[in-house]
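The values are calculated or read from the model by the stated rules, or taken from the named source; none is laboratory data. Predicted model only: the values in this text are computed from it and were never measured. Cβ coordinates were reconstructed from backbone atoms using ideal geometry, including for glycine residues, and neighbour counts include every protein chain displayed.
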Amino acid sequence: MATSDGERVALTAFVTYAVLAGGNAVGVRFSNRELAPLWGAGLRFALAAALFLAVMVVLKLAFPRGRALVGSLLYGVFNFAGAFGLTYYGLVQVHAGLAQILLALVPLATLLLAVLWRQERLGVAAVIGTLLALAGVAAISYSPLQENVPLLSVLAVVGAAICLAQALVLVRRFPPVHPVTMNAVGMAAGAALLLAAALVADEPIVLPHRLETLAAMAYLVVIGSVGFLLYLVVLRYWAASRASYGFVIMPFVTVLLSAWLDNEPVGVGLVLGGLLVLAGVYVGALRPARITPAAANTKT
């Protein structure tokens with residue numbers, strides 16, 4: 001019964017976070033129109049960290065120590081400072097839908113990093129999936145590059161996917177931490193690094209005043225933070241490769257929102273390239289045949 005209950009909790013959290021997170025990239029696009037990218041990301045996670053710290057106090061949660069603290073800090077470095085610093089930078093030029101499709105590479109990147117860390121073996125399916133995904137990235141990148149979108153912006157989003165994947169691999173190698181505490185510590189660490197980077201980059205430090213920026217920031221801080229919380233809940237029950245299915249669902253939500261709110265063009269290159277990326281991720285990382293007895297044991 002406990003396993004069945006845990007599966008229901010994980011599935012509910014999974015579907016909810018995948019839908020909520022689909023709006024994050026669109027929110028970042030609106031934030032970037034008034035706030036410099038590193039400063040905007042740092043401000044967002046500083047506010048979100050304060051929110052989670054307040055929840056920690058209310059729930060009387062203990063602060064992590066030892067290896068648990070190290071894991072929480074590393075989660076913040078890769079998941080918030082690294083991934084979102086690159087994402088915010090990329091989304092200055094890259095549309096949200098295209099960026100979210102590139103971020104759908106996270107499950108495949110997670111598998112390849114697990115191979116690099118000798119946690120899994122590289123199979124034929126992973127190689128085929130990688131080639132399909134790379135073809136998809138090339139297809140969806142061609143049109144934006146023809147429109148003078150810098151290649152560096154596209155590569156920044158790909159780099160963000162790698163950082164997110166590394167965070168996924170790392171978080172399961174350390175002692176479990178309450179999701180609220182993990183986010184509080186991780187976001188605080190990530191915010192500190194992002195704000196320091198904003199100062200080094202000499203970005204303008206201004207507070208938002210446009211209504212659309214305030215609305216975007218409210219969504220990212222509150223709704224986006226709920227998404228991170230739910231994602232960690234999923235990771236308590238499911239293996240990282242299974243939990244990362246959400247990155248394949250999110251692009252469908254993001255493309256629709258971006259086309260509606262941000263006038264993102266949905267051309268043939270985006271559709272075909274996106275399908276290739278999703279196919280590559282499925283073949284290389286998410287096929288049911290990949291689930292091993294060891295992975296199944298981590299779900300309970």
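Take the residues in segment 217-272 that are polar (S, T, N, Q) and modelled with pLDDT of 75 or more; name whichever of them is nearest to residue 44 (Cα to Cα). Among them, the one singled out is 225. Is it the case that some residue within segment 90-100 is closer than 20 Å to residue 218 by Cα and either surrounded by fewer than 24 Cβ atoms within 10 Å (Cβ to Cβ) or out of contact with any helix residue (DSSP H, G or I) (no Cβ under 6 Å at 6 or more places or on another chain) (or both)? Looking through segment 90-100, at least one residue is closer than 20 Å to residue 218 by Cα and either surrounded by fewer than 24 Cβ atoms within 10 Å (Cβ to Cβ) or out of contact with any helix residue (DSSP H, G or I) (no Cβ under 6 Å at 6 or more places or on another chain) (or both).
Any residue at all in segment 5-25 that's farther than 20 Å from residue 183 by Cα, touching a residue at least 24 places away in the same chain (Cβ under 8 Å) and within 18 Å of the chain's Cα centre (by Cα)? Within segment 5-25, none of the residues are farther than 20 Å from residue 183 by Cα, touching a residue at least 24 places away in the same chain (Cβ under 8 Å) and within 18 Å of the chain's Cα centre (by Cα).
Considering segment 1-51 alone, what residues qualify as being of a type in the set (Lys, Arg), surrounded by fewer than 20 Cβ atoms within 10 Å (Cβ to Cβ) and either in contact with a strand residue (DSSP E or B) (Cβ under 8 Å, 6 or more places away or on another chain) or assigned to a helix (DSSP H, G or I) (or both)? Break it down stepwise before answering.
Pass one, segment 1-51, residues of a type in the set (Lys, Arg): 8, 29, 33, 44.
Keeping just the survivors that are surrounded by fewer than 20 Cβ atoms within 10 Å (Cβ to Cβ) gives 8, 33.
The answer is 8, and nothing else.
So that you can scan it fast, the table gives a plain yes or no per residue for (1) at pLDDT below 75; (2) among the polar types (S, T, N, Q); (3) under 26 Å from residue 44 (Cβ atoms):
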| site | (1), (2), (3) |
| --- | --- |
| 107 | no, no, yes |
| 114 | yes, no, no |
| 136 | yes, no, no |
| 152 | no, no, yes |
| 164 | no, no, yes |
| 183 | no, yes, yes |
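Among the candidates 40, 23, the residue that is touching a Phe, Trp or Tyr at 6+ places or on another chain (Cβ under 8 Å) and at pLDDT below 95 is uniquely 23.
Looking only at segment 184-228, filter to residues that are charged (D, E, K, R) and touching a residue at least 12 places away in the same chain (Cβ under 8 Å); which one of those is nearest to residue 74 (Cα to Cα)?
Here is the first cut: in segment 184-228, the ones charged (D, E, K, R) are 202-203, 210, 212.
Filter again for touching a residue at least 12 places away in the same chain (Cβ under 8 Å), leaving 203, 210, 212.
On the way: 203: 25, 210: 34, 212: 32 Å.
For segment 184-228, the residue satisfying everything is 203.
Of all the helices (runs of 4 or more DSSP H) wholly in segment 199-265, which have at least 1 residues that are under 24 Å from residue 95 (Cα atoms) and touching a Ser or Thr at 6+ places or on another chain (Cβ under 7 Å)?
Numbers: elements: 211-218, 224-237, 240-243, 246-261.
Because the criterion is at least 1 residues that are under 24 Å from residue 95 (Cα atoms) and touching a Ser or Thr at 6+ places or on another chain (Cβ under 7 Å), the helices (runs of 4 or more DSSP H) in segment 199-265 that meet it are 211-218.
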